[in-house]
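Please treat every number below as a calculation from the coordinates, not as lab data. Just so it is clear, the structure is predicted and the values come from calculations on it, not from any experiment. Neighbour counts are summed over all protein chains in view; Cβ atoms, including those assigned to glycine, are modelled from backbone coordinates with ideal geometry.
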Amino acid sequence: QVQLVESGGGLVQAGGSLRLACAASGRTVSSRAMAWFRQAPGKERELVSALNWSSDSSYYADSVKGRFTISRDNAKNTVYLQMNSLKPEDTAVYYCAVGTFGYWSNQPSRYDYWGQGTQVTVSS
């Protein structure tokens with residue numbers, strides 16, 4: 001079993017930055033893809049960014065390309081999401097997830113473990 005704990009969320013003004021972290025415990029996740037999803041009120045959960053096990057393949061939603069950067073430290077069993085130039089439309093609960101396999105997928109069903117979520121609020 002894997003437990004995921006997210007941190008780094010909060011309230012920030014538009015144009016600001018936040019860095020989310022997600023630490024996994026219970027077993028190593030170094031051979032699995034990791035991802036960040038988000039869900040805004042009244043909207044479906046969407047994939048924001050994902051990274052394969054070796055960090056040589058990544059995905060970014062069009063809405064965050066050029067502003068967000070995903071990275072991982074397998075030695076620390078941790079994935080990060082650096083969020084720059086934040087916009088009010090980035091406001092959501094952000095969830096990290098551990099994939100079933102080593103390569104990322106845009107399907108939530110391909111992720112076995114989920115964090116509890118961290119709130120990101122961007123004010124205009």
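Descending by average beta-carbon neighbour count within 10 Å, the peptides 88-95, 9-16, 25-32 line up as 88-95, 25-32, 9-16, the highest first.
Computed over the chain, the Cα gyration tensor eigenvalues convert (square root of 5λ each) into semi-axes of 23, 14, 14 Å, ordered from largest to smallest.
Working ranking of peptides 99-105, 37-43, 1-7 by packing, defined as the average number of other Cβ atoms within 10 Å per residue, highest first, is 99-105, 1-7, 37-43.
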